[in-house]
Amino acid sequence: MPAGKQTHGAPGAPLISFEGVCLGYGSKEVLTDLRFTIHQGDYIGIVGPNGAGKTTLLKAVLGVIRPLRGRVTRHGEREAHRCGYVPQLNTIDDTYPLTVLDVVLMGRYPLIGVMRRPGKADRERALHALEQVGIADLAPRLFRDLSGGQRQRALMARALASDPSILVLDEPTNDMDIAGERATMELIDRLHHKNSLTVLVVSHILNVLVPHVRRIAFLGAGDFRLLPIDEAITEEHLERLYQTPITVTVVDGRRVVLW
Amino acid sequence: MLALIQETFAADFMRRALVAGMLAGALCGYLGVYVVLKRTVFVGVALAEMSSAGVALAFWAATVFGFPMEEHSPLTMTGALALMLVGVLLFSLRWTKTVPRESMIGVGYAVAAAAGLLLISHSAKGEAHVLQLLFGNILYVSSREIWEFAAAAALVALIHALFAKEFLFVSFDPETANALGYRARFWEMLFYLTLGLTIAFAIRVAGVLLVFSLLVLPGVTALLLTRHLRRAFPVAILAGVLPIGIGLTLSYALDFPSAASIVVVSFLLMLLAGGVRLARG
């Protein structure tokens, strides 16, 4: 099993640690005093309204932006904390006439290196990634011709093609209907369990994440703390965070938050 | 027909025009696919305008400082490349979040056009030279200009051959490219540098109007005709090259201006591609 992968049980070794991290752009601070660690086998949800700094936090996890203060530590070898990234669907340009396979192959580019072209092994890995998300038959189709749900799967396949240890997803269910939302989250569950991936998923809708993730943190609602789902999703905790009456109930074995 | 083609290209200057035009058509056609997909068609015209303002600046400097100014003085190319670089910096970086990047393209175009006019109004020989750049006359191209353009074209082609996948990734999805460790800004700037280099040399041989047209029309034609990006690039090169020969032949036969004839042929080819697209459904 590659480093950085653990399926079940207690969280494994630390992969990425944030110690008193302040994030922002220029002199503008967006998030302050972030303290948490992503472990092997984690399934983490980050919830917060638009503009709360979710994407900024993701960029810091991905290493795209550096902290204004504090320290982000990446433990172990590079492969142990390699991230596969699934961006918000609406950031992808839909005019490019690229096939699904072309798009998924992009996940291989950093591994191939500059000035080299994808080879047969890269194509096979990309096709395998498409199989993992259940759309191998769509490989020759144009990415722009796919439905929203299919595009989301193609982007997940691209992230998987980069052989990640951590799958980072930014609002993966945006603009989806209930069926699409459910299918997407179940696919993420499957990738976490079956493919032993550490998952960090961000959403502005609490109920999208609650039935799936094992730890959760709230942005834009006071202290940022990564808590086990049982501790975080209680009426007392949520009412304190959001300052509004909240009911937590269980339907069909799934925890649901009502307000 | 064959006789007409032979007659058209019997003279040296027509053969030089054909070679220079095909070189510009192939290179601009290839880059034009990106320019159209990136929705930055006006970067082309703004960079062309800045390059021609650079030529005007060179003529003005020669007049003010008393440099001798010959037709193929390296000073004009230096001026064109210098202002092209300013344009690349202006257009490829996002200087502030308060105004969209597109507005910088407008600012660059307007200021370069005005500066060009102001500068040539106070230079001895500049007016005729800059007007030739703006409206272009591919029939006046010299062998030396063709060789210089060919060298620049080879450099641009090499960069795009080596870094094709990087340009594609950063152009299609800069956010994910950044997340996977690519420096999207660097690759964007390198792309615009190759575009600026192409434009600075191409307008010397073909003029602003023709170069701008070659950056847009073949790219659109290729995207209308093909379903996959990898096929769009060779088709765009072909759609850039083909109207040069046809346009020059028509301009010779019907006594029309050469650049405008090429643009019209290129446009008709685009209409034809649109028709094919509609027929395919």
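Against the list (1) away from chain A (no Cβ under 14 Å); (2) crowded, with 18+ Cβ neighbours inside 10 Å; (3) among the hydroxyl-bearing types (S, T, Y), the condition B:S171 fails is (1). Among what's in the range A:116-145 and is within 11 Å of chain B (Cβ to nearest Cβ) and free of Cβ contacts under 8 Å to residues at least 12 places away in the same chain, pick the residue that is farthest from A:L101 (Cα to Cα). Across the range A:116-145, the extreme among qualifying residues is A:R116. For the range A:221-236, the set of residues classified as surrounded by fewer than 17 Cβ atoms within 10 Å (Cβ to Cβ) and at pLDDT below 85 consists of A:A221, A:G222, A:D223, listed by residue number. Within the range A:119-136, one or more residues are of a type in the set (G, A, S) and farther than 29 Å from B:A161 by Cβ.
Of the helices (runs of 4 or more DSSP H) lying entirely inside the range B:171-279, those containing at least 3 residues that are touching a residue at least 12 places away in the same chain (Cβ under 8 Å) span B:184-225, B:229-254.
Just to be sure before I move on: is B:A184 surrounded by fewer than 24 Cβ atoms within 10 Å (Cβ to Cβ), within 10 Å of another protein chain (Cβ to nearest Cβ), more than 20 Å from B:A113 (Cα to Cα) and aliphatic (A, V, I, L, M) in the structure I sent? It is true that B:A184 is surrounded by fewer than 24 Cβ atoms within 10 Å (Cβ to Cβ), within 10 Å of another protein chain (Cβ to nearest Cβ), more than 20 Å from B:A113 (Cα to Cα) and aliphatic (A, V, I, L, M). If you go through the range A:57-75 and pick out every residue that is closer than 21 Å to B:A177 by Cα, open to solvent by less than 50 Å² (accessible area, probe 1.4 Å) and of a type outside the set (A, V, I, L, M), you end up with 2.
Per-residue answers, yes or no, for (1) farther than 20 Å from B:N178 by Cα; (2) at pLDDT 95 or above; (3) open to solvent by 20 Å² or more (accessible area, probe 1.4 Å):
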residue: A:T99; (1), (2), (3): yes, yes, no
residue: A:M106; (1), (2), (3): no, yes, no
residue: A:V114; (1), (2), (3): no, no, yes
residue: A:K120; (1), (2), (3): yes, yes, yes
residue: A:E124; (1), (2), (3): yes, yes, yes
residue: A:L130; (1), (2), (3): yes, yes, no
residue: A:L138; (1), (2), (3): yes, yes, no
residue: A:L142; (1), (2), (3): yes, yes, no
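Would you be able to say whether some residue in the range A:177-194 is hydroxyl-bearing (S, T, Y) and at pLDDT below 95? Scanning the range A:177-194 turns up at least one residue that is hydroxyl-bearing (S, T, Y) and at pLDDT below 95.
Given the criteria within 19 Å of the chain's Cα centre (by Cα) and on the phi < 0 side of the Ramachandran plot, does A:V114 qualify? When the stated conditions are applied, A:V114 does not pass them. Taking the range A:159-259 and the strands (runs of 3 or more DSSP E) fully enclosed by it, the elements with 1 or more residues that are over 30 Å from A:E124 (Cβ atoms) are at A:198-203, A:215-218, A:247-251, A:254-258.
The values are calculated or read from the model by the stated rules, or taken from the named source; none is laboratory data. Everything numeric here is computed off the predicted structure, so don't read it as measured data. Reconstructed Cβ throughout: ideal geometry from the backbone, glycine too, with neighbour counts over all protein chains shown. Heads up: the accessible areas ignore ligands, DNA and RNA and are worked out on the full protein's heavy atoms, side chains in. Shrake-Rupley method; radii C 1.70, N 1.55, O 1.52, S 1.80 Å.
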